[in-house]
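Comments concern the structure below.
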Amino acid sequence: MKHVNKILAVGLLVVAFQNCAPNNASFSKSELASTQSAPEEEAVPNCFGRAEGSTWWVPSNDAISENGVCQYGGDLKYSYIKNVELICSNGNAVATGNWSKGSLISTTGACLPATCNGKASGSTWTIPNGTVTEPKSCPSSSVVVNAIYNKNDTYICDNGKENFVKSEKGSYIGLDKACPSPDLDASFSSEKVAINGSAALITAGYNVSNLAYSCNDGQSGALPVTATSTTLKITQDLSCNVKGTNSIGESITKTASISVTCGSNEVKSGGKCITYSCKSFVEIKSFPVVIPERTVDGVCYYAKLFDKIATAPSSGNRLSNVVARDHSTANGGAGSTALTNVAAPYVLGSFTNKVTLNGERSVKLSGSSQALTSILVDNFVLMGSRLASSSAAISNYRAFGSGDSAIGTTGKIKVNNADVALQAFESGGTATIGTLLLTSDFSVGKQYELNVNALDCGGSKAMSDIYLVFQ
């Protein structure tokens, strides 16, 4: 153990010498040499001339780390040499266990700069400070008012000192007095217009400025504030926004709309007119009937009025309120144009019933249910109609067929003793009649009574299938 203490003492002495620590004893080369060269078995004092029980300090290889004191926070740290205390005990240098902070070795980190009530240096902030006003002219008026805004002041923290930067306008509060109330008028000259027609957009502004319009078809433009009429082309259902600006820059809007009426063979889809076509057909099984308006689904309707009759001698009941040329040989036959060569025609088929259209439809007589084909009839077709609510007799009669059905050379037949013009498709015999249009017999939303007759003037009879078609 004595030898160990010798080695420890020598090691501590060397460390102390090499670190040149202040407050430590200096040793001569001869002292060191004599200590180091002493025979192991000799009892050589290791306190290096110090009295028994005396103490001294030597630096160690350890360091002491301390946090710096920062008033405003930070990560400042100091590093010091750690000194240890030795005591001379029985001629040996022994550590007492005491230590002390030596000289400063290094500094790391830094303290933060001063703040402004917790706000970091260099930061800015805004606080409200009263109000500011701006003059405003009321639109379309000579009245001037003041717009009131909050005033905001901005400050910056400069090493703990609050410095003013600027004042600026904040949020809007209101007016010191009211402008005359703003308002707009916007309307079209009509509710509906035919496709590709024109209509007037009628506008007026009150206490507004920057009046303008924009429509869903792309039409747009500026408008005078005073009452004015602007002509627009209508190619679809049209909606136009008319906008103006009030005294504080807010937008005021009114909307005007107009509906387009599509053509006879069109349907409306998404407010625009497109060509209508039948994609499917539904058979009408009973009357009276209400026909739905057209849709993009393309559903059409038909009813079979008369079945085909093969060529055969004339026979059957006669239509007593109709007078036409008599084709029987008794009065000279079809070739006789004598005004006395007349008779009530035979009935090949007769239809009378009520129909209502809920929307625009093309109404036709055809030789086919799902395609428009000619009608064959020997001798003519007679059609008439009336409002179902009317107490008057069916009128509006028209006749179509062979020219030799007319009385004499008049080109007419008689219905209820009134002349009805006959449109000739053939000079005589069985007439091939093109598709017959009945659309003019109907107005949307009203119930009509329709009367259709296929008639034979005598001699022989014939007829194709005849359908009533709603497209």
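For segment 229-246, the condition of being assigned to a loop (DSSP other than H, G, I, E, B) and either within 30 Å of Ile148 (Cβ to Cβ) or without any contact (Cβ under 8 Å) to a residue 24 or more places away in the chain (or both) holds for at least one residue.
Of the residues making up segment 118-130, not a single one is under 30 Å from Ile64 (Cα atoms) and in contact (Cβ under 8 Å) with a residue 24 or more places away in the chain.
A quick yes/no check of all residues on (1) free of Cβ contacts under 8 Å to residues at least 12 places away in the same chain; (2) of a type in the set (Ser, Thr, Tyr); (3) touching a Ser or Thr at 6+ places or on another chain (Cβ under 6 Å):
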residue: Ser257; (1), (2), (3): no, yes, yes
residue: Lys272; (1), (2), (3): no, no, no
residue: Phe287; (1), (2), (3): no, no, no
residue: Tyr301; (1), (2), (3): no, yes, no
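Residue by residue, here is whether (1) farther than 30 Å from Gln71 by Cα; (2) among the hydroxyl-bearing types (Ser, Thr, Tyr); (3) open to solvent by 50 Å² or more (accessible area, probe 1.4 Å) holds:
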{"residue": "Gly97", "(1), (2), (3)": "yes, no, yes"}
{"residue": "Leu104", "(1), (2), (3)": "no, no, yes"}
{"residue": "Glu134", "(1), (2), (3)": "yes, no, yes"}
{"residue": "Thr154", "(1), (2), (3)": "no, yes, no"}
{"residue": "Ser171", "(1), (2), (3)": "yes, yes, yes"}
{"residue": "Asp176", "(1), (2), (3)": "yes, no, yes"}
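Residues of segment 73-81 include at least one that is among the hydrophobic types (A, V, I, L, M, F, W, C), touching a Ser or Thr at 6+ places or on another chain (Cβ under 8 Å) and either in a loop (DSSP other than H, G, I, E, B) or at pLDDT 50 or above (or both). The set of residues in segment 281-298 that are more than 14 Å from Ala371 (Cα to Cα), at pLDDT 95 or above and either among the hydrophobic types (A, V, I, L, M, F, W, C) or not in a loop (DSSP other than H, G, I, E, B) (or both) comprises Ile284, Phe287, Val289, Val290, Ile291. Inspection of segment 313-334 finds a residue satisfying the criterion of being assigned to a strand (DSSP E or B), farther than 27 Å from Glu266 by Cα, open to solvent by 70 Å² or more (accessible area, probe 1.4 Å) and of a type outside the set (Val, Ile, Thr).
Gly434 falls short on exactly one of the conditions (1) open to solvent by less than 30 Å² (accessible area, probe 1.4 Å); (2) more than 55 Å from the chain's Cα centre (by Cα), and that condition is (2).
Looking across segment 251-280 at every residue that is touching a Lys or Arg at 6+ places or on another chain (Cβ under 8 Å) and outside any strand (DSSP E or B), the one that is surrounded by the fewest Cβ atoms within 10 Å (Cβ to Cβ) is identified as Cys262.
The values are calculated or read from the model by the stated rules, or taken from the named source; none is laboratory data. Just so you know, these numbers come straight off a predicted model, no measurement behind them. Here Cβ is always computed from backbone atoms with ideal geometry, including for glycine, and neighbour counts include all displayed protein chains. Areas reflect the complete protein model, heavy atoms only, side chains present, ligands, DNA and RNA absent. Shrake-Rupley method; radii C 1.70, N 1.55, O 1.52, S 1.80 Å.
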